[in-house]
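Comments concern the structure below.
The values are calculated or read from the model by the stated rules, or taken from the named source; none is laboratory data. Treat the numbers as computed from the prediction; the structure is a model and nothing was measured. Note that we place each Cβ from the backbone using ideal geometry, even for glycine, and neighbour counts take in every protein chain shown.
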Amino acid sequence: MHHFHPFARVCAAGTCAMALLGGALVAQAPPGYYASVDATDATTLRATLHAVIDDHTVFPYTSGSTDTWNILEAADEDPSNASRIVDIYRNASYAKVGGGNGNYQREHTWPKSYGFPIEDLGGPYTDCHQLRLCDGSYNAERSNKPFANCSAGCVEWTTLPNNGVGGGSGVYPGNSNWTAGVFSNGSWEVWDHRKGDIARAMFYMDVRYEGGTHGGTGTSEPDLILTDNRSLIGSSSTGSPLSVAYMGLLSTLVQWHWDDPPDAEEMERNDTVFTFQGNRNPFVDNPGWVGTLWGGGPAPTPGLFESYGMACPGTNGLDPMLSTTGTPTINANLDIVLANSVPLNPVVLHIDFQQSAISLFFFGFPTCAIYAMPTIPVAGNTSFFGSTFVSLQVPDDPNMIGFELYGQWLILEAAQLHLSASNGGKMVLGSQ
Ligand SMILES: [Ca+2]
Ligand SMILES: [Ca+2]
């Protein structure tokens, strides 16, 4: 049996090693940003995540100073041309005009009609984690239809080929958006490349907005809740601000999340919004947390693994298991916080890739064979915050793949290893 804890506060003295799994993360949150998150269960995760991302800096919707146009034209910039933007549903590239025009508008992916129809200082109306630049006609057609899967019998709204994605028509689902119905009884199926982006924006809204008031402005905030219940969604459109409002469809969004994991562009967008608002979308940073809160997906979010007395990799300790299907790239992001540490040598993240096994060795003295080692410098006896990122291609293997994470230090404040799979493969975590 391994012990599962959200964080490690272990190792008073002497050699000590521990490993921690926090789900899946590939984006680069500042070290320590999620240090207070307790992923023990859905209740603790929701509460501690909310505390990290709430009370963000609210910018005006439209203003002579920095407003949502400024943020969105940075966040939704065309990756191949900094003077243009790419819109969310049509994948059209439009020249930036510094405030929108007939081509592109601001789309509330969580429709403002569901809970927050009026701009205020609480945040949801202007929150750029959910606002996206959007072709005007697509914005109008989407209206406030919930996100839901459609069918070949639905109306097709095609995408344009840009940046290697989009284009084509006539085949469901292809690269198109599909829609049927109107308002809360309607469905808007986002094209595949943006399904996960939309889902994670909705998950962010649910956890960011939990009622209460904005800690900085004192403005009341709604409790936004995802559901499959279309009646609740419909009842959330009253024309007035609500204390509780609903959107969905939750089960569809969970599936979209796992089908379309975060890519580099989405992570960069998260970073951009963070630079303005000061808060992040945790489900872009750590996709595994969706599993803890809403289930589904390949990663059961195991929490913490720890082991003790490690000298060299493979000699002792835990072996959390990992299996893959397809040929995913395993992305590993390691955040560590050492308090008053006295490392003997630079701390090394050691990646050992042998046959069908991937081994992550984290230890403080490079006396064992090392395959690859992004080095994290450790400065003296002072507190240390470090982060590193690696990714490895893993072959298709129906059998278990073990990985191990080891560290040696005197006092470890917190560490998180986040793993995720991309390139269309799947990764399953468990413990042996
Ligand atoms: Ca995507
Ligand atoms: Ca909520």
- Query: Mind checking whether some residue in the range 165-172 is touching a residue at least 12 places away in the same chain (Cβ under 8 Å), part of a loop (DSSP other than H, G, I, E, B) and within 14 Å of ligand 1 (Cβ to nearest atom)?
  - Reply: yes
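If I ask for residues that are among the small types (Gly, Ala, Ser) and closer than 24 Å to Thr179 by Cβ, which ones from the range 113-156 would you list? Let's see the steps before the verdict.
Going through the range 113-156, the residues among the small types (Gly, Ala, Ser) turn out to be 113, 115, 122-123, 136-137, 140, 143, 148, 151-153.
Once the filter is applied, which keeps residues that are among the small types (Gly, Ala, Ser) and closer than 24 Å to Thr179 by Cβ, the range 113-156 yields Ser113, Gly115, Gly136, Ser137, Ala140, Ser143, Ala148, Ser151, Ala152, Gly153.
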- Please go through the range 230-251 and pick out each residue that is under 12 Å from Phe147 (Cα atoms), away from ligand 2 (no atom under 15 Å from the Cβ) and assigned to a loop (DSSP other than H, G, I, E, B). Leu249
- Reported set for the range 252-300 where residues are among the basic types (Lys, Arg) and either surrounded by fewer than 20 Cβ atoms within 10 Å (Cβ to Cβ) or within 12 Å of ligand 1 (Cβ to nearest atom) (or both) is Arg269
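With away from ligand 2 (no atom under 16 Å from the Cβ) and touching a strand residue (DSSP E or B) at 6+ places or on another chain (Cβ under 8 Å) as the only criterion, which of Gly218, Gly212, Gly196, Gly186 stands out?
Values: Gly218 fails: touching a strand residue (DSSP E or B) at 6+ places or on another chain (Cβ under 8 Å); Gly212 fails: away from ligand 2 (no atom under 16 Å from the Cβ); Gly196 fails: touching a strand residue (DSSP E or B) at 6+ places or on another chain (Cβ under 8 Å).
Sole residue among the options that is away from ligand 2 (no atom under 16 Å from the Cβ) and touching a strand residue (DSSP E or B) at 6+ places or on another chain (Cβ under 8 Å): Gly186.
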- Message: Among (1) within 11 Å of ligand 2 (Cβ to nearest atom); (2) surrounded by 22 or more Cβ atoms within 10 Å (Cβ to Cβ), there is one condition Ile225 misses while meeting the rest; what is its number?
- Response: (2)
- Task: Could you list all residues from the range 47-68 that are within 15 Å of ligand 2 (Cβ to nearest atom) and in contact with a strand residue (DSSP E or B) (Cβ under 8 Å, 6 or more places away or on another chain)?
- Result: His50, Asp54
- Cβ-Cβ under 6 Å pairs, at least 6 apart or on other chains, the range 200-213 side in the same structural domain as Val284 (by TED's automatic domain parsing), far side among the hydroxyl-bearing types (Ser, Thr, Tyr) and away from ligand 1 (no atom under 16 Å from the Cβ): Thr213/Ser220
- Message: With the structure loaded, tell me whether Leu160 is modelled with pLDDT of 95 or more and surrounded by fewer than 21 Cβ atoms within 10 Å (Cβ to Cβ) or whether it fails that test.
- Response: yes
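I need the strands (runs of 3 or more DSSP E) fully contained in the range 89-157, keeping only those with at least 2 residues that are touching a helix residue (DSSP H, G or I) at 6+ places or on another chain (Cβ under 9 Å).
104-108, 131-135, 155-157
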- Task: Output the number of the condition that Thr179 fails; it satisfies all remaining conditions of (1) more than 16 Å from ligand 2 (Cβ to nearest atom); (2) surrounded by fewer than 18 Cβ atoms within 10 Å (Cβ to Cβ); (3) of a type outside the set (Gly, Ala, Ser).
- Result: (2)
